[in-house]
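The values are calculated or read from the model by the stated rules, or taken from the named source; none is laboratory data. Treat the numbers as computed from the prediction; the structure is a model and nothing was measured. Every residue, glycine among them, receives a Cβ derived from its backbone with ideal geometry; neighbour counts consider all protein chains shown. With ligands, DNA and RNA removed, areas are computed over all heavy atoms of the protein, side chains included. Shrake-Rupley method; radii C 1.70, N 1.55, O 1.52, S 1.80 Å.
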Amino acid sequence: MTQKAMEIGTVIQVAGSKVSGLLAPETDPGGGGNPARKARLGEMVVMRTGRTLAFGLISKLSIPNPSTPLSPSDSRLMEVDLLGEAHDPAGEGRFTFQRGVSSHPTLGEPIYIAGQEHLALIYAKPERSFVRIGTIHQDRSLPAYVATDELIGNHFAVLGTSGSGKSCAVAVILRAILEAHPNGHILLLDAHEEYPRAFGERAELVTVHDFNLPYWLLNFEELAPALCSVEKAERAVETAILREAVIAAKRDFAGVGPLSQTNLTADTPVPYRLDRLMEILKLARGRLDKPETTLPYQRLLTKLQALRRDRRYAFLFSDKGTGDNMAEVLSRLFRIPVGGRPLTIFSLAGVPSEIIDAVVSVLCRMVFDFALWSNSNGQVPILLVCEEAHRYIPRDSETHFGPSRLAVSRIAKEGRKYGVSLGLVSQRPSEVSESVLSQCNTLFALRMSNEQDQRSIQAALPEQAAGLINALPALRSQEAVVVGEGVSLPTRIRFNDLKDSERPRSETARVSETWQEDRLGKEFVDQAVERWRRQSGLIQ
């Protein structure tokens, strides 16, 4: 221990990973250099344990029997969660840090505030690949790093209430990764088109206006909800009819070419023509002589005709999707080749709400299937980042579209084997699937005031981070608690600053400024109405 280390208390109890300490008396009630005043929630402390140094975070401060008014002689207690230790194998004063504690401090051992040299030892640059994303809370002169392979390879989540700086945190993390790895492959599902400004020329922006996602890439579980009735009895009949028609249409398209197979299924990703699908349904309807038996066919035909006419669905149910352009679609989505744009931002802003789950499902499923079937040629690691994750993988599986939840869950559970990684972003962690969240081995927890959300995060974190979780409601914007495989220890950090041109478009409207003057005319409303109608398919 250096002479500069400040003693703040004494060990009075050791129980597993927790240490209780008696704070030094308040010899200077006015503050100043008083050691007791240096003990704060989340502060790093250090204790001797023979030839090691044990480190922990202050998780609780209390005065068990306070006098009225408070007296400097009142006993003050602190609880410390042990996190790791520094070893000096040769006894030469050269310490190396590692997680976990093999030797505990003894009763009566002094407790010191960790100095800068201790913090530098704990939060040193990882020996493996790393990126800098900010600074540590205890000392802003020390950088905060995350290990790239552990962060991406083992999944991560960014969780925080609206307005906590969640989108900026995602931008900082991804920008840092791409600066160090300019030939990456990242697909970001952007629910509100926030991120194009944050990445500029590094990103390939995909919108429903400039991209055709072929309908035949949908598997049957994704296609059926878009075409079949909602009522259970009617849906059962229609799905059976539709399945056979889709298989027949795919066989007709395959013909005798390389796609010709006897084992084609409704899920096989081969093209077929919507015109041919409708012809098959009409022919089958014509062979029936009872009006009631033709109704399921008519409902399917009516739905297909409506989707083809609806401008909002043009990116999916378009005649442009009849060719076999699967390789081109995958190349653009997964940035192969990179071409200077390692990030694809898929904007979900213009996707109709009725099929947004199907679109998310097919995108997530294609990420996994591409990695699965290309694995024999060498892995191409792909990172899938899901904004608004609670919408696609909710905790309540009964009231949600199943395929998107299944696709993301499959990546969470099996993706590592094939080089597919997951990044979840959500403002409601209590609504995210618990099993999927538990697969994220690095968590960035930003300000969180909702008790349910705090409990769900606490359930996903190691016990040693409990003290930091208590600080979640008090975190400032741009701050986060980071735990997991990507960092050496659970820590509170401040993210790097972003220039205005690098910030996502997620700022809250400034009422105090916009309501100062009457600047808008009727043209503003006219333009909004036109865009509204155009998006709704009423104007071509």
Note to self: Go through segment 314-344 and report how many residues are exposed (fewer than 13 other Cβ atoms within 10 Å of the Cβ) and touching a strand residue (DSSP E or B) at 6+ places or on another chain (Cβ under 6 Å).
What the structure shows: 0
Item checked: Residues (of a type in the set (A, V, I, L, M, F, W, C), part of a helix (DSSP H, G or I) and at pLDDT 80 or above) located in segment 436-473 -> VAL436, LEU437
Note to self: From the list LEU301, LEU348, exactly one residue is among the aliphatic types (A, V, I, L, M), in contact with a His (Cβ under 9 Å, 6 or more places away or on another chain) and on the phi < 0 side of the Ramachandran plot. Which is it?
What the structure shows: LEU348
Check: Of the residues that make up segment 110-118, is at least one modelled with pLDDT of 90 or more, farther than 16 Å from VAL482 by Cβ and touching a Gly at 6+ places or on another chain (Cβ under 6 Å)?
Finding: yes
Checklist line | Only listed residue being under 16 Å from ILE355 (Cβ atoms), charged (D, E, K, R) and open to solvent by 10 Å² or more (accessible area, probe 1.4 Å), chosen from GLU201, GLU221 | finding: GLU221
Checklist line | Sole residue being assigned to a helix (DSSP H, G or I) and in contact with a helix residue (DSSP H, G or I) (Cβ under 6 Å, 6 or more places away or on another chain), chosen from ASP357, ASP369 | finding: ASP357
Item checked: Which numbered condition ARG140 misses (of (1) surrounded by fewer than 23 Cβ atoms within 10 Å (Cβ to Cβ); (2) over 12 Å from PHE495 (Cα atoms)) -> (2)
Note to self: Suppose we filter ASP88, ASP74 for residues that are in contact with a Phe, Trp or Tyr (Cβ under 9 Å, 6 or more places away or on another chain), of a type in the set (D, E, K, R) and surrounded by 13 or more Cβ atoms within 10 Å (Cβ to Cβ); which single one remains?
What the structure shows: ASP88
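Residues checked against (1) of a type outside the set (Gly, Ala, Ser); (2) open to solvent by less than 80 Å² (accessible area, probe 1.4 Å); (3) assigned to a loop (DSSP other than H, G, I, E, B); (4) out of contact with any helix residue (DSSP H, G or I) (no Cβ under 7 Å at 6 or more places or on another chain):
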{"position": "VAL483", "(1), (2), (3), (4)": "yes, yes, no, no"}
{"position": "GLY486", "(1), (2), (3), (4)": "no, yes, yes, no"}
{"position": "ILE493", "(1), (2), (3), (4)": "yes, yes, no, yes"}
{"position": "ARG505", "(1), (2), (3), (4)": "yes, no, yes, no"}
{"position": "SER512", "(1), (2), (3), (4)": "no, no, no, yes"}
{"position": "GLN516", "(1), (2), (3), (4)": "yes, no, yes, yes"}
{"position": "GLU523", "(1), (2), (3), (4)": "yes, no, no, yes"}
{"position": "ASP526", "(1), (2), (3), (4)": "yes, yes, no, yes"}
Notebook entry, point to check: Among the candidates LEU53, LEU22, LEU41, which residue alone is modelled with pLDDT of 85 or more and either in contact with a helix residue (DSSP H, G or I) (Cβ under 7 Å, 6 or more places away or on another chain) or under 13 Å from ILE113 (Cα atoms) (or both)?
Noted result: LEU53
Check: If you go through segment 82-98 one residue at a time, do you hit one that is touching a Leu at 6+ places or on another chain (Cβ under 9 Å), free of Cβ contacts under 8 Å to residues at least 24 places away in the same chain and assigned to a loop (DSSP other than H, G, I, E, B)?
Finding: no
Notebook entry, point to check: Do the conditions hold for PHE315, that is, is it in a loop (DSSP other than H, G, I, E, B) and under 30 Å from the mean Cα position of the chain (by Cα)?
Noted result: yes
Item checked: Filter result (surrounded by 20 or more Cβ atoms within 10 Å (Cβ to Cβ) and hydroxyl-bearing (Ser, Thr, Tyr)) within segment 345-374 -> SER347, SER361
Notebook entry, point to check: Does segment 59-109 hold any residues that are farther than 30 Å from GLY486 by Cα and hydroxyl-bearing (Ser, Thr, Tyr), and which are they?
Noted result: SER62, SER67, THR68, SER71, SER73, SER75, THR106
Next item on the list: Working only within segment 106-123, note down all residues that are surrounded by fewer than 15 Cβ atoms within 10 Å (Cβ to Cβ) and either assigned to a loop (DSSP other than H, G, I, E, B) or more than 33 Å from the chain's Cα centre (by Cα) (or both).
Entry: THR106, LEU107, GLY108, GLU117
Checklist line | Residue list for segment 225-248, restricted to those being under 16 Å from LEU307 (Cα atoms) and open to solvent by less than 10 Å² (accessible area, probe 1.4 Å) | finding: LEU227, LEU242
Notebook entry, point to check: Looking at segment 269-313, which of its residues are closer than 22 Å to VAL230 by Cα, open to solvent by 70 Å² or more (accessible area, probe 1.4 Å) and aliphatic (A, V, I, L, M)?
Noted result: LEU295
Margin query: Can you say whether PRO182 is surrounded by fewer than 20 Cβ atoms within 10 Å (Cβ to Cβ) and touching a Leu at 6+ places or on another chain (Cβ under 6 Å), as far as the supplied structure shows?
Written below: no
Notebook entry, point to check: Quick check: is even one residue across segment 85-100 over 25 Å from SER20 (Cβ atoms) and either at pLDDT 85 or above or of a type in the set (S, T, N, Q) (or both)?
Noted result: yes
